[in-house]
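What follows is a single structure, written as structure tokens, with notes after it.
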Amino acid sequence: MASVTSWTRLEPRARGIDMAPSLEGRVHDPLWLLGRQWQVGEFQGEDAGTPVAARLRGRTEPVTGWSGGDFDGSVPLEALVEAEDPAPDARLAAETGQHLLRMLDGDRRAAVRAAYPLPRPDPGLDPDSYRYLSVMAGRVPDGDAVAAALRDGTLAADDELNAWLAWYDALVVRPAAGQATWQPSRMEYTFAATTATATLTSTEYADGRLDWYAFSMEPGQAPATAAGEDLVATSLAAPASYPGMPARRWWQFEDSRVDFGGIEAAPEDLARLLLAEFATAYGNDWYLLPLEVPVGSLTAVHSLVVADTFGEHTLVERVRDPEWSMFEVSVSDAGPGNEARADRLLLAPALGWSLDGEPVEDVLFTRDERANIAWAIERVVEGAAGGRVDRLARWQATAPATPDDREPAPGEAIAYRLMTPVPDYWIPLLPVETAPGRVALRRGAVRRPTPAGDVEIAPEGRLLLPGRPLTVAAEEVPREGATITRAWQYARWIDGSSHLWQGRRKRPGRGESSAALVFDRIVARP
């Protein structure tokens, strides 16, 4: 039986050449859209107005001093805190001497070069320093020696020499006399900054970022009302914004770079859940009030009055929760269980960005559970010309042949070894009891036999205090270890001036290490 099959095909036909109406995404059912907005609660009203303007009143006082003396704001506080006298650097002495020659005439150049010559290199120097000094010695004066002669009056000063000495003193930020902010036992900086009514202390600064959270206020300080200047800020309230926040309109496309809906959180991840709830539900309830305060100041906020769209003025009360605060300086030694807050806003005179040079000294503090001690491994030390000396590479090039420590075969002659050799850049840290129940790590030494007798292997860098005792708190060398570096820092300050200094940094280590140190071994006689 024959069948008849028919097909009907619908095709759009463009009656115009303008594609804009197709891309507009028009909604032809506004009632459906209004219903969706009602379902998600967008029409739910609140008995509140939208903030329009706000007025803040307070008082601010500048930071006027620190542990090393007065503070006038001409030098970043990081540079003053971290500054240390550079190690004798032949390259720096030669370059400052070269600049002196540029400032003098021909006859005086020869006289200064002959009176204060750059010393000839010692053959025992590292290769880079030896090559540099071999070229520069006899050609330029020693800038450090000239500066010392000008200060003690050995060299008569004139206008050119005084100008050069001023340039020399401003070239590198140096510490004040008697200043000692670095604490070797903690491997951290400790100092204090002062205002007219407050003392701010920092006891654990070692990461190179000096901001408000690095300070604590001494208890019993007077409120910031006796000094400083009044602060009044009035501005329009601007809604807070952040990447990925929900769009303000139902039909508005949202930014897909941040997907809060993709957050994976377990029931115990309260912080993550609170962050997601804030970002998706309450993000549009926050407003910003710009507040300009001087750099290097301590500010107390007295009142905040907000005006809304209904013409009402509301005094915003301070959140006084002892377990939560934001950008408030805490009070040091507030007592157990008392997390007191100073109700102050600190805008530290800190750098926003600086250049860090390659470390001229690098020491790794690590634990060796096999030997039951800790080690300070001098991986890099500073050479005579300011360069980097790799201790591992030098040890591999100069180390004596490793003795054969194989187990003796039956009937084979035996030998007794007191201990296995340790690289000379591994400095032992031995546990000592400094108080009942309290253990610290004291720097020791490894004795090595030489043709002239046994000698103790001493550290070569400045971080391990060669020639002086060093005791480090045991908790400062955790299981993951710690890395201490010393490097040149360069930065520009808010007035455009440039500053150069040497600073130290403390970072986590790389875990436990082992020197393969073994005592009392019976081996085959070579």
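All Cα-Cα distances of segment 94-172, cut into 10 Å bins from zero to the largest, leave 19, 50, 25, 6 percent in each bin in turn. Candidates Ser185, Leu125, Ala163 compared by Cα position along the dipole of segment 115-203: farthest toward the positive end lies Ser185, with charges placed on Cβ.
Can you give me the % of accessible surface on segment 48-94 that is carbon or sulfur? Probe 1.4 Å, all protein chains present, nothing else counted.
Working: 930 of 1790 Å².
On segment 48-94, the fraction of accessible area on carbon and sulfur atoms equals 52 percent.
Of the peptides 281-293, 354-366, 457-469, 308-320, the order by per-residue mean of other Cβ atoms within 10 Å, starting with the highest, comes out as 354-366, 457-469, 281-293, 308-320. Amide H to amide H distances under 5 Å link Gly383 with Arg388, Val389, where only residues 5 or more positions off or on other chains count and H is placed in the peptide plane. Per-atom-type breakdown for segment 360-402 gives carbon and sulfur 47% of the accessible area (1.4 Å probe, protein chains only). Per residue, segment 139-229 exposes 47 Å² of accessible surface when a 1.4 Å probe is rolled over the protein heavy atoms with every protein chain present. Close amide H pairs (under 5 Å, H built 1.01 Å from N) link Gln502 with Glu84, Gln489, residues at least 5 positions away or on another chain. When peptides 82-88, 343-349 are ranked by their average number of other Cβ atoms within 10 Å per residue, the highest-first order is 343-349, 82-88.
Ranked by the mean number of other Cβ atoms within 10 Å of their residues, highest first, the peptides 263-274, 169-180 fall in the order 169-180, 263-274.
Mind running the shape call on the chain? Use the C-alpha gyration tensor, a ≥ b ≥ c as the square roots of the eigenvalues: rounded below 1.5 for a/c, prolate if a/b tops b/c, oblate otherwise. Provide the component values of the computation, followed by the final result.
Working: a/c = 2.02, a/b = 1.55, b/c = 1.30.
The shape class here is prolate.
Taking a probe of 1.4 Å, how large is the accessible area per residue of segment 13-118, in Å²? Don't skip to the end; give the middle numbers.
On the way: 6820 Å² over 106 residues.
It amounts to 64 Å² per residue over segment 13-118.
Per atom type, segment 144-282 shows carbon and sulfur on 55% of its accessible surface, probed at 1.4 Å.
Per residue, how much accessible area does segment 469-526 have with a 1.4 Å probe, in Å²? Could the numbers behind the result be given before it?
Values: 2850 Å² over 58 residues.
For segment 469-526, the per-residue accessible area is 49 Å².
The values are calculated or read from the model by the stated rules, or taken from the named source; none is laboratory data. Predicted, not measured: the structure shown is a model, and the values here were computed from it. Cβ: placed from backbone, ideal geometry, glycine included. Neighbour counts: every protein chain shown. All accessible areas refer to the heavy atoms of the entire protein, side chains included, with ligands and DNA or RNA removed. Shrake-Rupley method; radii C 1.70, N 1.55, O 1.52, S 1.80 Å.
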